[in-house]
1. Please state which of the following conditions G250 fails to meet, knowing it meets all the rest: (1) out of contact with any Cys (no Cβ under 8 Å at 6 or more places or on another chain); (2) within 16 Å of the ligand (Cβ to nearest atom).
2. Quick one: count up the residues across region 1-53 that are touching a helix residue (DSSP H, G or I) at 6+ places or on another chain (Cβ under 8 Å) and under 30 Å from P294 (Cα atoms).
3. Can you name the condition, by its number, that I133 falls short on among (1) without any contact (Cβ under 8 Å) to a residue 12 or more places away in the chain; (2) within 14 Å of the ligand (Cβ to nearest atom)?
4. Tell me which residues, restricted to region 79-117, are within 16 Å of the ligand (Cβ to nearest atom), in contact with a helix residue (DSSP H, G or I) (Cβ under 7 Å, 6 or more places away or on another chain) and of a type outside the set (K, R).
5. Take the residues in region 252-272 that are open to solvent by 30 Å² or more (accessible area, probe 1.4 Å) and part of a loop (DSSP other than H, G, I, E, B), then tell me which one is nearest to H62 (Cα to Cα).
6. How about region 118-128: which of its residues are within 16 Å of L198 (Cβ to Cβ) and within 13 Å of the ligand (Cβ to nearest atom)?
7. Is it the case that region 228-242 has a residue that's out of contact with any Ser or Thr (no Cβ under 6 Å at 6 or more places or on another chain), assigned to a helix (DSSP H, G or I), crowded, with 21+ Cβ neighbours inside 10 Å and touching a residue at least 12 places away in the same chain (Cβ under 8 Å)?
8. So, in region 166-206, of the ones that are away from the ligand (no atom under 11 Å from the Cβ) and among the charged types (D, E, K, R), which residue ends up least open to solvent (accessible area, probe 1.4 Å)?
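The values are calculated or read from the model by the stated rules, or taken from the named source; none is laboratory data. What you see is a predicted model; the values in this text were computed from it and never measured. Every residue, glycine among them, receives a Cβ derived from its backbone with ideal geometry; neighbour counts consider all protein chains shown. SASA here: full protein model, heavy atoms, side chains in, ligands and nucleic acids out. Shrake-Rupley method; radii C 1.70, N 1.55, O 1.52, S 1.80 Å.
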Amino acid sequence: MNLSQRMQTLTGGGSDGWDVFIKARKMIAEGTPVTELTIGEHDIRTAALILQDMHKSALGGHTGYAMVPGTDTLRDTVAKRTSERTGVPTTHDNVLITPGGQSALFAAHAAACDPGDTALYLDPYYATYPGTIRGVSAIPHAIQTRAEDAFQPRASDITAHAQTAKSLLINSPNNPTGTVYSRDTLVGIAKVCMDNDLWLISDEVYDTQVWEGEHISPQSLPDMAERTLVVGSMSKSHAMTGSRCGWVIGPEKVIAHLITFATHTTYGVPGFIQDASVFALDQGPNFEAEIAAPFKRRRAIAQRVLSGQNTIGLIPTQGAMYLMLDIRATGMTGDDFANALLDEHHVAVMPGESFGQAAAGHIRVAMTIDDADFEQALHTLTAFAEARAA
Ligand code: PMP
């Protein structure tokens, strides 16, 4: 029996980018301690108060099928938060609750693209993007951003490929680079989308992790709400990665179709998870800032540690839980650097090449371990890079 081409070619025939991560996990399973700076997951767990609310909801009986579009309360809460944060009038009819941002990315591409359509995305990119696009039988096309621009995309680079495309996927604050797109960047992107009639899929799962400047949702730019599908999630903002709760925000007509799509794919998100998400969102912006605070602190630690040397370049990033480091002065590829660092010093980072061509010669460091260990790991990493450069 043959599987569909879609399944067989989901990762494009290459590695899915997780090799070093898998190798590190194997070493740990075999008893070797490894400092893991790989995965985008907080070093704290979901807050006890949120879990208590989840427990209360489940014991209270919210364990049956939940409403497929999401509960009215959660859709209202997400809509209100979006209106407050962006100024775009949003009601629950603009919101579909999904099992995490990943599922929202898939649904948004299913809404935007027919089989065979070209879907644009920006390199470097979060590792699931091309597979998500192939998952809806569209054709992923990466557009490179540049290290010398601190990975702010250039509208002219996108324009060159926009005519034949159906959608453009962006992500700010960005994983893996930490770049927060400026207003100018977003205005340029919006113009390309309008000139070429593209859907804009805006992955904003890191919207609470901004260390400098401000997060601007492109749906708030003139005439963009009607062609923008925003992907959001509880994972990063509320340390609820395992709860699998996210959303798509878009025009009412699109959401109506996506509700039908959800009926035939996910059939909704558990009610007790949605209730706990309402509780978590009701804690307000101060709670979100508390969840984000460790990354902001560690970014400052990294700026301090790396300021004393010239071998590693710290890409000047403004958000998200990652650092993008330029290690080209070592003469190594990101892949070789990450593998050697893991083998020799038991520190695991992600090679830039896991995220596309534009981040070759770079590594991504997740700021997801405690401050003292993080600082120690950076010293180890720097000493290793300096020795290799020499
Ligand atoms: N988008 C980006 C850029 C991510 O980094 C992640 C998770 N690492 C997701 C989407 C998906 O997150 P989730 O499904 O947990 O909401």
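1. Of (1) out of contact with any Cys (no Cβ under 8 Å at 6 or more places or on another chain); (2) within 16 Å of the ligand (Cβ to nearest atom), only one is false for G250: (2).
2. Residues that pass the stated criteria total 24.
3. (1)
4. V95, L96, I97, T98, L105, F106, A107, H109, A110
5. Only one residue fits best here, namely P270.
6. Hits for region 118-128 are Y121, L122.
7. no
8. Residue satisfying both the conditions and the ranking: K166.
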